[in-house]
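Take a look at the structure below.
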Amino acid sequence: PAEALASALVASEVFREQAERAGRHAPDATMVETVVTTLAENEGRAHRDLLASALGVTAATFTSTFAALRRVLNVEGYPVIAMDADRVTVRLDEGLLREQFELGGARG
């Protein structure tokens, strides 16, 4: 399930390393879990306003929040999380997430 994927992600060593690299601008684990769970529950896609609402941030603030999420989730530049060409849909590549964060298992 989506929540188990998100929990495994934030418990991973790779996530801890990525968060350390991002420094004080890293999103907290709860924020990352919320985004990954929401995206996974919606087949890897969600409107940015849905994610902003789930995080309790304004649509205007979401841009900087999304940048922080990308810094932590996009290991070595691989697009685990990305904005679609329409600039309102956020996409999660669950297979790449599992690979980059060494989570294993089949896609949820």
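Structure values in brief
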quantity	calculated
Extreme residue, nearest to the chain's Cα centre (by Cα), among residues of region 75-91 that are under 16 Å from LEU9 (Cα atoms) and open to solvent by less than 60 Å² (accessible area, probe 1.4 Å)	ILE81
Which listed residue, of GLU94, GLU99, is closer than 15 Å to VAL10 by Cα, at pLDDT 95 or above, among the acidic types (Asp, Glu) and within 13 Å of the chain's Cα centre (by Cα)	GLU94
Helices (runs of 4 or more DSSP H) fully within region 1-87 counting 2 or more residues that are aliphatic (A, V, I, L, M) and closer than 24 Å to GLU102 by Cβ	2-11, 13-22, 29-41, 59-73
Given (1) surrounded by fewer than 16 Cβ atoms within 10 Å (Cβ to Cβ); (2) β-branched (Val, Ile, Thr); (3) at pLDDT 95 or above, number of the condition VAL72 does not satisfy	(1)
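The rows are residues; the columns are (1) open to solvent by less than 50 Å² (accessible area, probe 1.4 Å); (2) hydroxyl-bearing (Ser, Thr, Tyr).
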| residue | (1), (2) |
| --- | --- |
| ALA26 | yes, no |
| THR30 | no, yes |
| GLU41 | no, no |
| GLY44 | yes, no |
| SER53 | no, yes |
| THR58 | no, yes |
| ASP93 | no, no |
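The values are calculated or read from the model by the stated rules, or taken from the named source; none is laboratory data. Note that the structure is a prediction, hence the values are computed from the model and not measured. Positions of Cβ are backbone-derived with ideal geometry, glycine not excepted, and every protein chain shown enters the neighbour counts. The protein model used for the area step is the full one, side chains on, heavy atoms only, and it has no ligands, DNA or RNA in it. Shrake-Rupley method; radii C 1.70, N 1.55, O 1.52, S 1.80 Å.
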